[in-house]
1. Provide an ascending nm list, one decimal, of label-point separations from A:Glu112 to the equivalent residue in each further copy; define each label point as 7 Å from Cα along Cα→Cβ.
2. Counting alpha carbon pairs within less than 8 Å and at least 6 residues apart, what relative contact order, in whole percent, applies to region A:92-226?
3. Might you report the magnitude of the Cβ-based charge dipole of chain B about its Cα centre, with Lys and Arg at +1 and Asp and Glu at -1, to the nearest 20 debye?
4. State, to one decimal in nm and shortest first, how far the label point of B:Glu31 sits from each corresponding label point in the other identical copies (label point: 7 angstrom along Cα-to-Cβ).
5. Distance from the Cα centre of region A:154-177 to that of region B:1-59, in angstrom?
6. Let me check I've understood the local charge: for B:Pro66, count other residues with C-beta under 15 angstrom from its C-beta, Lys and Arg +1, Asp and Glu -1. What total comes out?
7. Counting other Cβ atoms within 10 Å of each Cβ, which trypsin sites (Lys or Arg not before Pro) in region A:192-230 have at most 12 and sit in a DSSP loop?
8. Please report, in debye to the nearest 20, how large the charge dipole of region A:92-226 is about its Cα centre when each Lys and Arg carries +1 at its beta carbon and each Asp and Glu carries -1 there.
Number of protein chains: 2
Amino acid sequence: MLTLIHHTLCPLSRSIRLALAECGLSAELVEEQPWSWRDEFLDLNPAGNLPVLIAETGEAICGVYPISEYLAESSAQPSEEASGFSLFPGDVKGRAETRRLIDWFHSKFNSEVSACVLEEKIYRTASNGSEGPNIAALRAAQDNLRYHLSYIGHLIEERHWLAGEKLSFADLAAAGQLSSMDYLGDVPWEVNEAAKTWYSRVKSRPSFRQLLKDRVAGLAPVAHYVVLDF
Amino acid sequence: MLTLIHHTLCPLSRSIRLALAECGLSAELVEEQPWSWRDEFLDLNPAGNLPVLIAETGEAICGVYPISEYLAESSAQPSEEASGFSLFPGDVKGRAETRRLIDWFHSKFNSEVSACVLEEKIYRTASNGSEGPNIAALRAAQDNLRYHLSYIGHLIEERHWLAGEKLSFADLAAAGQLSSMDYLGDVPWEVNEAAKTWYSRVKSRPSFRQLLKDRVAGLAPVAHYVVLDF
């Protein structure tokens, strides 16, 4: 049995949870608070970042990049023919485009939007309750999010899925980010209809059901979080 | 012929230049100023980040992650047996460890050290000459660099190369970061003898010679930059 060390609202952890489900793999989930910097967790992953996958053989695979490539390489993953899904489908060129977009969402979207929103709304409050959120930073993140929705809309007007004709880890990386922001009610879906339609398709997949059941103690999701036709 | 769009002091570009040389591939280098946000470059790579590899077939592979995986997958790369080098050597577990460390240097080291140093010393001066560097930010980056040198030293006391017994892209990722900081005289080599010895070994490889010839207009490297036994 695989074990995934994650945080419920961590977008990178969410992308791996979606990837595991799309690959037909199940994992026991263990929650870690990334702001705690626990010694036991740092012993496992000196970088202190999430997620960490514990393989059946016991070794820790640390970080979203190593985990995604590990899942693609690992014999544990059913073949693309069997499951109909590959994290990096297509030829060398197609896989490069998939990875460009994975990097877009895991790095650019994450640093321009999610890292700020989570830090201001969740992590800092959890580790230091006395300080309120930085409103200017949250406004900048909100502006950035509009730009990212437009980019998703731009891509999806030319392609069936974000990186091409097949669902790939690029869609799951983007959905991981957006689902975390959507839980907090921070996604202005009205600004881009094409992006909303694409997200609705990802949200309707069986792999997504686990994310819809997520609840953070003391913080309910916005009402439309669980609605497929939102 | 491959073309690599890079900036001389960009650590991520440097890691790809080392990777190309270790793979026995040559590329024409085209300099881009990442602070310029030129429309023509953004048309090629909407994220605006470096490096970008133009394949022989003309398509652009954008970003260090897609390029490194592309080089590993691409038939253009001589086989590991022929060149004796693989970007991600070993078994599935070994490759996961290599990628963990690549991520460490491309993301953690880059954001905690190099991005700050380059922004404060080079990029901002180039785009807005009137503002001096933020001394407090540079001091924090310098403190972080000492910690990263200790981590390299810790790794290399147990292994021949950073990720295991073979040279991998993890070594080149780390060397790309350190060589850029070393050009500016910002590496306190005296704090960790094991890290210095490891760097001296990477620096002595034929793939590194091109980096030693690098010169930025109006900014000479520190004297020991070209010295192998520094």
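The values are calculated or read from the model by the stated rules, or taken from the named source; none is laboratory data. All values reported here derive from a predicted model rather than from experimental measurement. All Cβ positions, even for glycine, are placed from backbone atoms using ideal geometry, and neighbour counts span all protein chains on display. When the accessible area is computed, the model is the full protein with side chains, heavy atoms only, and any ligands, DNA or RNA have been set aside. Shrake-Rupley method; radii C 1.70, N 1.55, O 1.52, S 1.80 Å.
1. A:Glu112 label point versus its equivalents elsewhere: 2.6 nm.
2. Working: 116 pairs, mean separation 35.7, N = 135.
That works out to 26 percent.
3. 500 debye
4. Between copies, matching label points for B:Glu31 lie 5.3 nm apart.
5. If you average the Cα positions of each part, the centres end up 25 Å apart.
6. -2
7. A:Lys213, A:Arg215
8. With Lys and Arg at +1 and Asp and Glu at -1, about 500 debye.
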